[in-house]
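Have a look at the structure below before the remarks.
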Amino acid sequence: MNASVPHIEVMRSQLGRARGLGAGGSGTEHWWAERVTAASLLPLSTWFVVQMFRLGGADHADVVKWGGKPVNATMLTALIIATFYHAQLGLQVIVDDYVHGKAHLPTRILVKFVTSLLGLLGVFAVVKLVVAGSRRS
Amino acid sequence: MNASVPHIEVMRSQLGRARGLGAGGSGTEHWWAERVTAASLLPLSTWFVVQMFRLGGADHADVVKWGGKPVNATMLTALIIATFYHAQLGLQVIVDDYVHGKAHLPTRILVKFVTSLLGLLGVFAVVKLVVAGSRRS
Amino acid sequence: MQDIRKALYVGTRSDGRLIQRPMSPHLQIYRYRLSMVLSISNRLTGVVATGGAALGVFWLAAAAKGPKAFATARKVTGNPAGQLLLVGWLASVVYHTVGGIRHLIWDSGKRYDKEELNKDGPVAVGVTAGVSAVLAVGLLGVAAKRARALAKAGKAS
Amino acid sequence: MQDIRKALYVGTRSDGRLIQRPMSPHLQIYRYRLSMVLSISNRLTGVVATGGAALGVFWLAAAAKGPKAFATARKVTGNPAGQLLLVGWLASVVYHTVGGIRHLIWDSGKRYDKEELNKDGPVAVGVTAGVSAVLAVGLLGVAAKRARALAKAGKAS
């Protein structure tokens, strides 16, 4: 290479530069997922608040009937998945910022584990309501 | 830059080199997924062993009642997914190490196919137990 | 380098030379600003909202489990301490939503100047307080009314 | 290059020149070590544990299918050959768990010196044997007791 030709001595691959991601190849996914789930949660949680006006103080039979309707089950499931995915992403950032050293990795895995289990429990509860609702109707 | 100074003319970032990933950015995922599923399986299989103490020798009605509870269904599903995902990753490494040549690719696909089917069967069994359990209560 | 953590602050300039990256001053150095409080509150309310969502899932799971489990859940949601918790959850969700909308606006490159930030902060607080109060009073009122009607009809579970 | 597989052993030095990467000697060259056996056992028990998990899924599927299918599954889990299989599964899972925990410890950079490895190996074997025996006896005992009680009550399916 001719030393007189000006060139940039940056430690970064051309592909990484073109993609704007750096070498890791996954810098923006977390950020995007957080925004997309946030935007999804706007209509979903509005729907939930409206439902709570219809359902506040209701007894078991009413709640089962409500949860058994396909549209409600759909909205609920979407709300649960979006909520716990968004929570996972958000809590992960908090852990990254405040938990240092050896505790960091286990805490991160724990956050992912617990939020996943909660989401799964919510989905199963909805499935069970759908089944129970269809038995009654 | 002086051309007489020896320097490395490799199209690879120092970060990528340090991480051992190259530009693709996905060398460690398999390793990580294996560890994270392993860590998740510690509490999940402990839970399962405890449940087996409660359930060993039980008859059909008891097992259906047990599997129909949302919390049990959640833990079972998490256990099944973690188990067969972990198994898939582990068996894949074994196949990579011991199955060479033309048999390698079909064996790898077969491993993925069978472990996926088993996991799916498990999840469907849990869903059915949830349905059956709520019919009886 | 006397502090090992300083190693994390070593970066490279675009010409390849090693430099010491600038370090933010410590939190205590800054003058109090409303936006500081609002920013950390967005995180706190996010954590509280997650806790509330967990309670919501338990409520759903109780409904799915059966009338007996749901009756227990109703005891929690019906009693004053439980309702205080619910109102706290509601306010957190409202605040986090308002803060989240502000973040989305900032991400689109708007309202991110110093004056705009300082002007919008109190508005966000006001909107949160207003919306939370209206929703809390409305929801608790509706719930209490329905629960009383059910109790009267003698079919409260 | 006479063997095509040798192409896989071509690497680049940091100055960019191609070199032949070193190849490990064949397995038969090594002297017997406990850690060798433990390492390959970790893989073997992983495979066995997967097989057991498959059986577990079939058991769940039988329970989901109905009383008749579950009765068949119970015939398998209730008879001595089936129980030997279950104990084998249990011991494999315990061994693989102990081995897995050791791997996680090694990954964190600990207990990976030669002496530590040689000291921990027998401990791992002992823990596996002890935990497996206690769990196997406990589980089989509980299962047998419950099955007998059910049979007496005449509601065994």
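The values are calculated or read from the model by the stated rules, or taken from the named source; none is laboratory data. Computed from a prediction, not measured in an experiment: that's the story for all the values here. Cβ placement follows ideal geometry from the backbone for every residue including glycine, while neighbour counts extend to all protein chains displayed.
On inspection, D:ASP113 fails the criterion of being within 8 Å of chain B (Cβ to nearest Cβ), farther than 23 Å from D:LEU85 by Cβ and over 18 Å from the mean Cα position of the chain (by Cα). Against the condition touching a Gly at 6+ places or on another chain (Cβ under 9 Å), under 26 Å from B:ALA125 (Cα atoms) and in a helix (DSSP H, G or I), how does A:ALA132 come out, does it pass? When the stated conditions are applied, A:ALA132 passes them. Mind counting the residues in region C:83-103 that are within 13 Å of C:VAL131 (Cβ to Cβ) and polar (S, T, N, Q)? Qualifying residue count for the region: 2.
Candidates in region D:70-87 are the residues that are closer than 13 Å to D:ALA144 by Cβ and not aliphatic (A, V, I, L, M); of these, the one that is surrounded by the most Cβ atoms within 10 Å (Cβ to Cβ) is D:ARG74.
Within region D:113-125, the set of residues being surrounded by fewer than 16 Cβ atoms within 10 Å (Cβ to Cβ) and either of a type in the set (D, E, K, R) or not in a helix (DSSP H, G or I) (or both) comprises D:ASP113, D:LYS114, D:GLU115, D:GLU116, D:LYS119.
Okay, residues lined up against (1) hydrophobic (A, V, I, L, M, F, W, C); (2) at pLDDT below 95:
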{"position": "A:PRO6", "(1), (2)": "no, yes"}
{"position": "A:THR28", "(1), (2)": "no, yes"}
{"position": "A:ALA38", "(1), (2)": "yes, no"}
{"position": "A:ASP59", "(1), (2)": "no, yes"}
{"position": "A:VAL63", "(1), (2)": "yes, yes"}
{"position": "A:THR74", "(1), (2)": "no, no"}
{"position": "A:GLY101", "(1), (2)": "no, yes"}
{"position": "A:PRO106", "(1), (2)": "no, yes"}
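Based on this model, can you work out whether C:GLY52 counts as within 8 Å of chain A (Cβ to nearest Cβ), in contact with a helix residue (DSSP H, G or I) (Cβ under 7 Å, 6 or more places away or on another chain), under 21 Å from A:GLY119 (Cβ atoms) and in contact (Cβ under 8 Å) with a residue 24 or more places away in the chain? No: the conditions fail for C:GLY52.
Going by the structure shown, is C:THR128 hydroxyl-bearing (Ser, Thr, Tyr), in a helix (DSSP H, G or I) and within 13 Å of another protein chain (Cβ to nearest Cβ)? Explain how you work it out, then say what you get.
Values: hydroxyl-bearing (Ser, Thr, Tyr): yes; in a helix (DSSP H, G or I): yes; within 13 Å of another protein chain (Cβ to nearest Cβ): no.
Against the criterion (hydroxyl-bearing (Ser, Thr, Tyr), in a helix (DSSP H, G or I) and within 13 Å of another protein chain (Cβ to nearest Cβ)), C:THR128 does not qualify.
Among the residues making up region D:58-91, those that are aliphatic (A, V, I, L, M), more than 24 Å from D:GLY46 (Cα to Cα) and within 8 Å of chain B (Cβ to nearest Cβ) are D:ALA63, D:ALA64, D:ALA71.
Between C:GLY126, C:GLY130, C:GLY88, C:GLY100, the distinction of being within 18 Å of the chain's Cα centre (by Cα), over 21 Å from A:PHE48 (Cβ atoms) and either among the small types (Gly, Ala, Ser) or at pLDDT below 90 (or both) belongs to C:GLY126 only. Farther than 27 Å from C:PRO80 by Cβ, among the β-branched types (Val, Ile, Thr), within 11 Å of chain C (Cβ to nearest Cβ) and assigned to a helix (DSSP H, G or I) - does that describe any residue in region A:57-80? Looking for residues that are farther than 27 Å from C:PRO80 by Cβ, among the β-branched types (Val, Ile, Thr), within 11 Å of chain C (Cβ to nearest Cβ) and assigned to a helix (DSSP H, G or I), one finds at least one in region A:57-80, hence yes.
Can we say A:PHE113 is at the interface with chain C (Cβ under 9 Å from one of its Cβ atoms) and among the hydrophobic types (A, V, I, L, M, F, W, C)? Full working, then the answer.
Values: at the interface with chain C (Cβ under 9 Å from one of its Cβ atoms): no; among the hydrophobic types (A, V, I, L, M, F, W, C): yes.
Answer is no for this residue.
Among the residues of region C:88-112, none is identified as among the polar types (S, T, N, Q), more than 18 Å from C:THR50 (Cα to Cα) and surrounded by 19 or more Cβ atoms within 10 Å (Cβ to Cβ).
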